[in-house]
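Novice: Dropping the structure in here first, questions after.
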Amino acid sequence: MMPRQLADWLFESTSTIVFTGAGISTESGIPDFRSPGGIWEHAQPVDFNDFVASEDSRIEYWRQKSEAHSEYFDAQPNVGHEILARWESQQRLDGLITQNIDGLHQAAGSHKVLEIHGTAREVSCLECGKRDSATGPVAEFLETGVPPRCSDCNGSLKHATISFGQMLDTAVLEQCAEWARSCDLFVAMGSSLVVHPAAGLPEMAKAHGARLVIINRDPTPCDSLADLTIQGSLGESLKAVDDCLETLGHQ
Ligand code: NAD
């Protein structure tokens with residue numbers, strides 16, 4: 001019943017935006033932050049100001065990131081990522097905003113992706129901004145134990161993700177807000193919707209007249225705003241919606 005409702009709305013919509021959080025990737029084997037067994041049970045993240053100020057913090061940062069590297073790089077997109085990529089190619093989706101840093105939406109074939117928190121697949125130099133694949137610097141750190149530096153300007157290299165205490169990219173955020181304000185259907189999935197300003201996007205979409213749908217295993221603070229909530233596994237829920245869309249397409 002609920003998947004059918006979302007399928008109807010996707011079918012009617014002229015502009016749909018999807019917003020994803022860590023929950024879309026747990027079925028690819030990447031733990032989320034807040035569920036039991038999540039990342040924060042093992043390590044305290046390094047604050048950006050500490051990273052800039054101290055070599056010890058940079059070593060701890062690179063230790064954590066190198067440990068997590070293969071988890072991100074070896075992960076494969078799951079059925080949820082694949083369905084969203086297909087919906088984009090079928091022009092059912094106008095854009096996908098993600099909090100995730102794992103790059104799995106692009107690996108599944110999504111193109112119109114805004115990564116609010118950046119990507120763990122690349123590093124960037126804090127001095128000159130040069131970007132590169134994260135694989136080489138991670139291998140270098142694992143071999144030497146020394147935080148890698150930029151080959152052009154010798155600046156500190158850091159993953160191209162937004163750390164705690166680091167500014168979000170305002171151009172990316174403004175584009176996300178523009179999408180949230182102009183869509184007529186906003187579907188948030190796999191996020192606890194507690195990290196701001198990203199978690200304000202569903203509220204913004206709703207305030208500008210969009211239908212709001214939330215798909216998540218656990219309740220979120222935005223559920224009372226939503227026109228529809230679907231509680232359960234994302235893979236199963238998206239598959240059910242996709243099956244309903246197929247049926248609608250043949251009617
Ligand atoms: P979160 O950990 O706060 O919340 C994840 C939500 O997903 C939870 O409410 C949980 O109930 C739900 N969930 C987990 N598995 C699910 C499944 N299979 N089906 C349906 N629901 C499921 O994640 P968040 O809100 O995205 O915030 C965490 C922050 O950490 C993000 O900003 C992100 O940058 C970062 N992060 C990213 C990754 C990644 O890139 N894969 C992983 C962990 C954390």
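Novice: Can you pull out the residues in region 76-118 that are open to solvent by 10 Å² or more (accessible area, probe 1.4 Å) and either of a type in the set (D, E, K, R) or assigned to a strand (DSSP E or B) (or both)?
Specialist: Passing the criteria: GLU82, ARG86, GLU88, ARG92, ASP94, LYS112, VAL113, LEU114, GLU115, GLY118.
Novice: Okay, next question. Please name all residue pairs, on different chains or six or more residues apart, with Cβ atoms under 6 Å, provided the first residue is in region 87-107 and is within 15 Å of LEU173 (Cα to Cα) and the second residue is among the polar types (S, T, N, Q) and assigned to a loop (DSSP other than H, G, I, E, B).
Specialist: Hits for this filter: LEU96/SER110; ASN100/SER25.
Novice: I'd like to know if region 155-170 contains one or more residues that are open to solvent by 20 Å² or more (accessible area, probe 1.4 Å), assigned to a helix (DSSP H, G or I) and under 18 Å from GLY118 (Cα atoms).
Specialist: yes
Novice: A further question on this structure: Restricting the search to region 120-131, which residues are open to solvent by 80 Å² or more (accessible area, probe 1.4 Å) and either farther than 18 Å from SER163 by Cα or in a strand (DSSP E or B) (or both)?
Specialist: Within region 120-131, ARG131 is the sole residue that qualifies.
Novice: Still on this structure, I have one more. Can you name the number of the only condition in (1) over 30 Å from PHE11 (Cβ atoms); (2) in a helix (DSSP H, G or I); (3) away from the ligand (no atom under 16 Å from the Cβ); (4) touching an Asp or Glu at 6+ places or on another chain (Cβ under 9 Å) that TYR72 fails?
Specialist: So the condition that TYR72 fails would be (3).
Novice: Now, a different point. Within region 23-33, take every residue that is modelled with pLDDT of 95 or more and under 15 Å from GLY103 (Cβ atoms) and give me the one that is nearest to the ligand (Cβ to nearest atom).
Specialist: Going through the qualifying residues, I end up with SER25.
Novice: Which one is nearest to LYS158 (Cα to Cα) among residues in region 132-146 that are of a type in the set (A, V, I, L, M) and in a helix (DSSP H, G or I)?
Specialist: Within region 132-146, the match that is nearest to LYS158 (Cα to Cα) is VAL138.
Novice: Just checking, does region 47-64 include any residue being in contact (Cβ under 8 Å) with a residue 12 or more places away in the chain, away from the ligand (no atom under 16 Å from the Cβ), outside any loop (DSSP other than H, G, I, E, B) and of a type in the set (A, V, I, L, M)?
Specialist: Yes, that holds for at least one residue.
Novice: Quick one: is ILE97 closer than 27 Å to ASP243 by Cα, out of contact with any strand residue (DSSP E or B) (no Cβ under 8 Å at 6 or more places or on another chain), of a type in the set (Val, Ile, Thr) and modelled with pLDDT of 95 or more?
Specialist: no
Novice: Let me ask something additional. How many residues does region 171-204 contain that are part of a helix (DSSP H, G or I), within 15 Å of the ligand (Cβ to nearest atom) and open to solvent by 60 Å² or more (accessible area, probe 1.4 Å)?
Specialist: 1
Novice: Working only within region 205-245, note down all residues that are part of a helix (DSSP H, G or I) and open to solvent by 90 Å² or more (accessible area, probe 1.4 Å).
Specialist: Within region 205-245, SER224, GLU236, LYS239 qualify.
Novice: Scan region 84-118 residue by residue and report those that are among the hydroxyl-bearing types (Ser, Thr, Tyr) and within 16 Å of the ligand (Cβ to nearest atom).
Specialist: If the condition is that a residue be among the hydroxyl-bearing types (Ser, Thr, Tyr) and within 16 Å of the ligand (Cβ to nearest atom), then THR98, SER110 are the ones that fit.
The values are calculated or read from the model by the stated rules, or taken from the named source; none is laboratory data. Remember, predicted model here, so these are calculated numbers, not experimental data. Positions of Cβ are generated from backbone atoms using ideal geometry, with glycine treated the same way; all protein chains shown enter the neighbour counts. Note: accessible area is taken over every heavy atom of the protein model, side chains too, but ligands, DNA and RNA are not part of it. Shrake-Rupley method; radii C 1.70, N 1.55, O 1.52, S 1.80 Å.
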